[in-house]
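What follows is calculated from the coordinates using simple rules that are stated; it is not laboratory data. Everything numeric in this text was worked out from a predicted model, so none of it was measured. Glycine gets a Cβ as well: all are built from the backbone with ideal geometry, and neighbour counts include every protein chain shown.
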């Protein structure tokens, strides 16, 4: 697959796993994130394992000026971006609205919605100009359903779902594909971040069942990108066998 792919939030979880599977399949990669040490480690591993062409961009997706400066710094050989994977996102806190942290709300809105828009606004024009490209937005089951105490996180992922539909419409005249990947429970840093590093609470989320792994979602990304030119995967919902919808789990330990 001879494509140049920019992945936001590549330092862990789904982004990191997607970088691995795309490197294995011959993609040139632009890896972005805030944790430079992790970006460098991932870059070096992909180069040594797959002999990949990989560069890193360290920036905070919430800060528009940083995003612009980073995108403008992309070297010539990587400038024609074929695929944008808007993966960076997080959940912060798990409280009812009347007890919610406004700092948490701003972090989620700035990352999950505004950050996605900042990057897309800078990458999409080159796609429309040449009449080709693919944008994949990482959503969530939380973008389909609202669950108790998920309020602002669910709202942010509903926004991602809506923006994906809007992009699909806006990009249609230019032949650009737009897709959404919406996972259920995935065992990444997600819950650790949500619970501010409390590993006991984070681990309890996955008690009694086998959640998705980041690699499961990465394989879906590869599937989407490998479809023929006349096929666009608009939206995929991927769930653990033990999870039905947002709140229903089989915690018997058998799945």
Open item on the list: Explain nothing, just the number: relative contact order of the chain, from Cα pairs under 8 Å at least 6 residues apart, as a whole percent.
Closed with: 19
Open item on the list: At 7 Å along Cα-to-Cβ for each site, give me the label-to-label distance between residue 102 and residue 196 in nm.
Closed with: 1.7
Open item on the list: From the helices alone, meaning DSSP H stretches of at least four residues, give me the mean residue ellipticity at 222 nm for the chain, per-run term -39500 (n - 2.57), in deg cm²/dmol to the nearest 500.
Closed with: -12000 deg cm²/dmol
Task: Relative contact order of the stretch 45-143, defined on C-alpha pairs under 8 angstrom at six or more residues apart (%) - done: 35
Open item on the list: For a quick check, take a GNM of the chain with Cα springs below 10 Å and name the residue from 90, 22, 222 with the largest mean-square fluctuation.
Closed with: 222
TODO: Evaluate the relative contact order of the stretch 151-216 (contact order divided by residue number), counting alpha-carbon pairs under 8 angstrom at least 6 apart; express in whole percent.
DONE: 24
TODO: Fewest Cβ neighbours within 10 Å first, please rank 62, 28 accordingly.
DONE: 62, 28
Task: Listed residues 160, 205, 54, most fluctuating in the chain (Gaussian network, C-alpha, under 10 Å) - done: 205
